[in-house]
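No lab work stands behind these numbers, since they all come straight from the coordinates. Just so it is clear, the model here is predicted, and its values are computed rather than measured. So basically every Cβ, Gly included, is an ideal-geometry build from the backbone, and we count neighbours across all protein chains shown.
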Amino acid sequence: MQHGTVFTRHFLKRLPQVVRQDIRTKIASRQQRGGATRDNLDRFSDEAVKFGLKVAPFIEDKFSFVDSRNKVNAERLNHNILMRDEAVRKLARLVADENMQAMKDIDPQVFDSFLEAMKHIYSVLAENIRAISINPPVLPGGKVEIERAEQVLTASVLKMQSEEWIERRLLHLRAQYIEYAQIALERVGDKGHQTKYISYPSFQNWKNKQREAERFIQNTAVYNEATGEHFDLAEVIKRTTANPENRRIEMMVRSRGFEELAQDLGYTALFLTWTLPSKYHRNSNKWNGATVKEGHSNLMQQWAQARALIAKEDIHYFGFRVAEPHKDGTSHGHYFLFCDPKDKDTLIHIISSVATSEDRAELGDDISPRFDVKEADPAKGGATAYIAKYVSKNINGKHMPDTEAEESAFRVRAWASVHRIRQFQQFGGEPVSLWRHLRRATEEQTRIDPKLEALRQAADSSKWALFCQLAADAQLAYEEKQNQYGESVKKAIGFHWVSEGVSTFISTCNETYRLVKKSELGALLESRSGSPWSTENNCNPMLGEHLKQVTGWSLAGVQCLIKPILAGAKVPIDKDCQLKLANNRLIVTRG
């Protein structure tokens, strides 16, 4: 370093590299100002190092691998390794291989049971994982059945031997490290040297990921192996809630529906703002080094506590929660609650008591910095108008007066992504997943019951309030599959409709698609066109010609059969004959 006193030269090298880089950036910026003298640059350098010495312990406490005094694992994981993609991949591969070898070196014969062997293997592998600042998979607490415990331990061991699993967690560690360091170094905020909500490097990284994702989307198609149908992935996304504008519209439909439902019930609307104590805010001199995620988790724990107390009072309410960052990145919540007017005061008292219970003394008589509540004003457009502001500003900035609204919305989305914070949560009412599956259902599937058809029409016509009123007899249906680690994963595949004690399953996921590169699509379709179709007597004409032979219809007449048969349907030709495709064989069933 060119400038700096003995103090600066002595202490700078002892600081974590991320802090040293920030100090050098500050000094370089100061040098570019007019009239910078050696003396004032030295004084500035000393002050920058003093600030670095003050901040460094917070960073070292959260990310021990940056502590220059920690020599044990420095060669395995350090700033330079974590910041380079190839180095991260190499480290992930190395640790995965070591964990595989460690498992091979353990003799299972010395243990009394498979469970005891897996516990030991888990502990050995977990130690290796912790050595690179990654948390091992969490094991369930309390008493667990032996079979379940074996399954969880096996999945955990497989994860810790997976190069892909380790690499993903190292990349997440990097994102957390970068952003926490930038927050600690006071690079997030609304001052001249700061950026709102999220730091400059983290926002740039997020935008780069968005661009990479967009390139992937543009080069990818979704392909149905059974039918040969294919679509551009970009076109599929445009029609789903992966599209921010569709997500905003759906949120507004649900908000308006909840307001209509509240009006029917005679409920009032409350708007709550819930903020964390000073020690969670970086822009406070009381900051205790808490991460954004730790602060947000604290908010969620308080909300869970409040909901438990509200449940004891048997108070009915519903609404939305919106998570939003302060300028310095600290999380706070906006809650939109609809409740019976007679329960309003009790509900407010419970929530405000929980919200102000931590560090109550710092508030004095005015609790509004921590907790604030307003009632809906119909003159200002009612509850939906109020909610609309927060929905738009946190998704895509549409219909906001601020010319920088879209940029701010992107920053908020990046903030939620980096810290893995769920921006929107509904409580009360019917699950939105059920709503989405009903919108996929067809009239043919739901006309079995007029009530079910009315429910489908309510969802299909975006009438959320009516949907919530009619959905009591519908429940999501799931199938369980095992992932690559042997864990059971639930996937919604439709819904059950219960009428007069009889449950009917309605499938809304009849077809399976997979992602393929557009460059490979032509070859897939070509190979498909050459695939043989056969009947039980092994004749092999093309499907259309084959159907013509079986049915006696014209070639034009059998075209209507091809798509449902390829989709796996059993197609009736007349009262005595049905056709079905199985293992590339056309099965003819008579009688």
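General remarks:
- In order through segment 439-451: 3J(HN,Hα) via Karplus (6.51 cos²θ - 1.76 cosθ + 1.60), integer Hz, x for Gly, Pro: 5, 7, 5, 9, 4, 4, 6, 9, 6, 5, 8, x, 5
- For the chain, the C-alpha radius of gyration divided by 2.2 N^0.38 Å, with N the number of residues, is 1.21.
- Cut-off 14 Å between beta-carbons: net charge of the residues surrounding Glu86, Lys and Arg +1, Asp and Glu -1: +2
- Partners for Lys342 among lysines (Cα-Cα distance below 23 Å; same-chain residues under 8 apart left out): Lys312, Lys374
- Since only Phe505, His296, Phe424 are under comparison, the one whose Cα sits farthest along the positive direction of the charge dipole of the chain, derived from C-beta charges on Lys, Arg, Asp and Glu, is His296.
- Summing +1 for each Lys or Arg and -1 for each Asp or Glu among the other residues whose beta-carbon sits under 12 angstrom from that of Trp435 gives +3.
- Among Ser156, Leu173, Leu125 - extreme Cα towards positive end, dipole of segment 79-175, charges at beta-carbon: Leu173
- Full extension of the chain between Lys570 and Gln218 gives 123.2 nm of extra length, using 0.36 nm per residue less the Cα-Cα distance.
- Bridging of Lys54 to aspartates and glutamates at a Cα separation below 20 Å is possible for Asp22, Asp42, Asp46, Asp67, Glu179, Glu186, Asp328, once same-chain residues fewer than 8 apart are set aside.
- Listed by chain and number, the aspartates and glutamates placed with their C-alpha closer than 17 angstrom to that of Lys389 are Glu245, Glu250, Glu259, Glu324, Glu375, Asp377, Asp402, Glu404, Glu406, Glu407; residues fewer than eight positions away on the same chain are left out.
- Summing charges over neighbours of Ala184, with a neighbour being any other residue whose Cβ is under 15 Å away from its Cβ, gives +2 when K and R count +1 and D and E count -1.
- Overall form of segment 122-224 per C-alpha gyration tensor (a/c, 1.5; a/b vs b/c): oblate
- Likely footprinting exposure, His496, His334, fewest C-beta neighbours within 10 Å first: His496, His334
- Unit charges on C-beta of K, R, D, E only; dipole of the chain, Debye: 2000
- The residue among Ala226, Ala184, Val144 whose Cα reaches farthest toward the positive pole of the charge dipole of segment 130-242, with charges on the beta-carbon of Lys, Arg, Asp and Glu, is Ala184.
- Alpha carbon centroid spacing (whole Å) that separates segment 150-175 from segment 264-329: 31
- Cα centroid of segment 453-525 to Cα centroid of segment 98-119, whole Å: 41
- Applying both filters, DSSP loop and at most 10 other Cβ atoms within 10 Å, to the GluC sites (Glu not before Pro) of segment 145-206 gives Glu145.
- Backbone phi angles across segment 85-98, fed through the Karplus curve with coefficients 6.51, -1.76 and 1.60 (θ = phi - 60°), yield HN-Hα couplings of 4, 5, 5, 5, 4, 5, 5, 4, 5, 4, 5, 4, 5, 4 Hz in residue order; Gly and Pro are listed as x.
- Interchain or long-range residues, amide H under 5 Å from Asp377's placed H: Gly382
- Taken about its Cα centre, segment 79-175 carries a charge dipole of about 500 debye when Lys and Arg each add +1 at the Cβ and Asp and Glu each add -1 at the Cβ.
- Fewest-first ranking of Val124, Val88, using other Cβ atoms within 10 Å as the exposure measure: Val124, Val88
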